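Please read the structure below before turning to the comments.
The values are calculated or read from the model by the stated rules, or taken from the named source; none is laboratory data. None of the values given here were measured: they were computed from a predicted structure. No Cβ is skipped: glycine too gets one built from the backbone with ideal geometry, and neighbour counts run over all protein chains shown. To get the accessible areas, we keep the full protein, side chains included, count just its heavy atoms, and leave off ligands, DNA and RNA. Shrake-Rupley method; radii C 1.70, N 1.55, O 1.52, S 1.80 Å.
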Amino acid sequence: MKKILLSGVKPTGQAHIGNYFGAMKQMVDLQNSGNFNCHLFIADYHALNLIQNKEEMKKLTLELALDYLAIGLDPRKSIIFKQSDISAHTELAWIFDTIVTVPYLERAHAFKDAEAKNKEINVGTFNYPVLMAADILLYNTDVVPVGQDQKQHIEYARDIALKFNHIFGAKDVAEYSDLVFKLPEPLIMENVAVVPGVDGRKMSKSYNNTIPLFATREEITKAVMSIVTDSGMGAVGPDGKPSDGKPMNIYNIHKLFKSEVKLNELYEMNKGKYKALKDALIEDIDEFVKPMRERRLKLAQNPGKVMKILEKGAKQARKIADKKLKQVKEAVGVI
Ligand code: ADP
Ligand code: TRP
């Protein structure tokens, strides 16, 4: 029996290499391993908390679909769809809303961060983990490949599954084989859990420190040249060991594109030569990205085809999600 895998990304802006190495690459690798039934979606309803402009939403959704296909997600191997096409997600989220408490959601990192910034957050942002739990649990998901920052959200999904099962599901051990919701596991690759940005902080759209995944050679050059080279002696690497004079902000990004052995040779040979090291990094990123960038350009010429792929994926996803939702509605007694 294949395990069930599910993951999603919000269409909130240009994908960057942090998104790719932290989450999207795992989707492709696991899809191609043949060991999983993959459900990969565009979390447009989650994005609606941020993107509140019709044209922008449409554009960013198409762009993410192009990204998915260009990195190698394959509609013949995976179910690729858009969250808003499957109404079961929001319907299940409502049912979960009725069993999830306010203090519990107030403990979410994302909520606390927003509060710390004194933002008057909307209900959608507050409820974010509930919709995400619905995304995951509707498909009987076993594994969710994501970056480190999403770990707490998977824990919320597990807690919500347990609570639902407790209230409405299996009442004794004998029934446990027939649990209403399975407990999902996060799949986080430790070595790429937090990809650093050009300023050394976590790479993130919201920090303006990204290297876009489908950047042109010129854009790559611009981003790499802006990497802050604050190494010096006394700096430490991600493992807490002394950096040995290596420019760690360059090195930590370079590590994604070259084996550590080759990299150490290169950095040894070019000690203190930041320009040469940055040039080498530009070369390596460009070589890596080029085939994906070219595939994306081709796909972009036919947006109709991309939309068709999402429609086909929606049909497949709806079948699974609707079946599960029916089970849930029976369990709570509304049908
Ligand atoms: P951003 O922080 O740029 O807005 P998202 O929140 O859209 O990124 O994240 C999409 C996916 O990419 C998530 O699974 C997230 O964990 C992963 N991700 C984002 N940034 C990084 C990073 N710097 N390192 C590793 N994974 C990341
Ligand atoms: N919260 C995820 C992010 O910010 C996106 C997401 C929404 C997701 N629903 C999901 C990821 C379900 C995995 C599974 O990147």
Checklist entry - Is the shape of segment 251-335 rounded, prolate or oblate, going by the alpha carbon gyration tensor and its root eigenvalues a ≥ b ≥ c, with a/c under 1.5 for rounded and a/b larger than b/c for prolate? => result oblate
Checklist outcome for this item: In degrees, nearest 10, the alpha-carbon axis of helix 54-71 is tilted away from the dominant principal axis of the alpha carbons of the chain by 70 degrees
Checklist entry - Computed over the Cα atoms, what is the radius of gyration of the chain divided by 2.2 N^0.38 Å, N being its residue count? => result 1.07
Checklist entry - Going by the alpha-carbon gyration tensor, a ≥ b ≥ c the square roots of its eigenvalues, is segment 1-92 rounded (a/c under 1.5) or, if a/c is not under 1.5, prolate (a/b greater than b/c) versus oblate? => result oblate
Checklist outcome for this item: Taking a label point 7 Å from the Cα of Gln14 along Cα-to-Cβ, the residues of segment 289-304 whose backbone nitrogen sits under 20 Å from it are 289-301
Next on the checklist: For a quick check: with amide H placed at 1.01 Å from N, whose amide H comes under 5 Å from Ile4's, ignoring anything fewer than 5 positions away on the same chain?
Outcome noted: Asn37, Asp142, Val143
Item to check | Two-site FRET efficiency, Glu311 against Met269, from Cβ-Cβ distance with R₀ of 51 Å, rounded to 0.05 | outcome: 0.45
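To check you understand DSSP bridge types, tell me what percent of the beta bridges within the chain (both residues inside) are antiparallel, rounded to 5.
Numbers: 3 of 19 bridges.
DSSP beta bridges in the chain are roughly 15 percent antiparallel.
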Checklist entry - How far, in nm, would the chain grow between Glu294 and Ser33 when pulled straight, counting 0.36 nm per residue and subtracting the alpha carbon separation? => result 91.6 nm
Checklist entry - Separation between the Val228 and Thr98 pseudo-spin-labels, each 7 Å from Cα along Cα→Cβ, expressed in nm? => result 5.0 nm
Checklist entry - Taking only Cα atoms, what is the 0 to 90° angle, nearest 10, from helix 88-97's long axis to the longest principal axis of the chain? => result 80 degrees
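For the chain, calculate the relative contact order in percent as a whole number, restricting contacts to Cα pairs under 8 Å that are 6 or more residues apart.
Relative contact order for the chain comes out at 22 percent.
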Checklist outcome for this item: PRE zone check, label point 7 Å out along Cα-to-Cβ of Leu162, amide N under 12 Å, scope segment 131-156, hits 155-156
Checklist entry - Taking 0.36 nm per residue of separation and subtracting the Cα-Cα distance, what length does fully extending Val334 through Arg76 add? => result 89.3 nm
Checklist entry - Counting other Cβ atoms within 10 Å of each Cβ, which trypsin sites (Lys or Arg not before Pro) in segment 245-303 have at most 13 and sit in a DSSP loop? => result Lys271, Lys273
Checklist outcome for this item: Output row, site Arg217, 7 Å Cα→C-beta label point, backbone N cut-off 20 Å, window segment 275-317, residues 275-298
Checklist entry - Want the number for Asp113 to Leu187: 0.36 nm per residue separation, take away the alpha-carbon distance, what's left? => result 24.3 nm
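Evaluated at 37 °C with a viscosity of 0.692 mPa s, what Stokes-Einstein diffusion coefficient in µm²/s does segment 56-97 have when Rh comes from the Kirkwood expression over alpha-carbon pairs?
Using the Kirkwood radius from Cα pairs, D works out to 273 µm²/s.
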Item to check | Long-range HN-HN contacts of Lys202 with modeled amide H, under 5 Å | outcome: Gly197
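With a probe of 1.4 Å, find how much accessible area the chain has per residue, and write the answer as a whole number in Å².
On a per-residue basis, the chain sits at 52 Å².
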Next on the checklist: Give me, ordered by chain and number, the residues 5 or more places off His16 or on other chains with an amide H under 5 Å from its own placed amide H.
Outcome noted: Leu213
Item to check | Relative packing of peptides 49-61, 156-168 - highest average C-beta neighbours within 10 Å first | outcome: 156-168, 49-61
Checklist outcome for this item: Whole-percent carbon and sulfur contribution to the accessible surface of the chain (1.4 Å, no ligands, DNA or RNA) stands at 53 percent
Checklist outcome for this item: Phi-derived 3J(HN,Hα) across segment 143-158 with the Karplus relation (6.51, -1.76, 1.60, θ = phi - 60°), rounded Hz, x for Gly and Pro, is 10, 10, x, 8, x, 3, 5, 9, 4, 4, 5, 5, 5, 4, 4, 5
